[in-house]
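Colleague: Next up is a structure, given as structure tokens.
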């Protein structure tokens with residue numbers, strides 16, 4: 001029981017970090033794609 005209570009927050013933090021990284025990379029890709037299109 002205590003193991004699940006200990007691992008739960010870790011999984012939550014890991015999911016939050018991964019989703020944040022994915023969102024940032026998607027936004028960065030969209031911005032760079034926009035810049036490339038604007039330059040053309």
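All of the numbers you see were taken from the coordinates with simple rules; none came from a lab. As the structure is a prediction and not an experimental result, all values here were calculated from the model. A quick note on method: Cβ atoms are made from the backbone with ideal geometry, for glycine too, and the neighbour counts reach across all protein chains shown.
Colleague: How far, in degrees from 0 to 90, does helix 2-39 lean away from the longest principal axis of the Cα atoms of the chain, to the nearest 10?
Modeller: On a 0 to 90 degree scale, this one is about 0.
Colleague: When the helix-only estimate is applied to the chain (DSSP H runs of n ≥ 4, each -39,500 (n - 2.57), divided by the residue count), what is the mean residue ellipticity at 222 nm, nearest 500 deg cm²/dmol?
Modeller: Values: 1 runs with 38 residues, N = 40.
Mean residue ellipticity at 222 nm (helix-derived): -35000 deg cm²/dmol.
Colleague: Cut-off is 10 Å between beta-carbons; in what order do 2, 19 appear when sorted fewest neighbours first? Before the final figure, lay out each step's value.
Modeller: Values: 2 6, 19 10.
Ranking 2, 19 by Cβ neighbours within 10 Å, fewest first, gives 2, 19.
Colleague: Restricting things to Cα coordinates, could you compute the convex hull volume per residue of the chain in Å³? Could the numbers behind the result be given before it?
Modeller: Values: hull volume 1.0 nm³, N = 40.
Hull volume over Cα atoms, normalised by residue count, gives 24 Å³.
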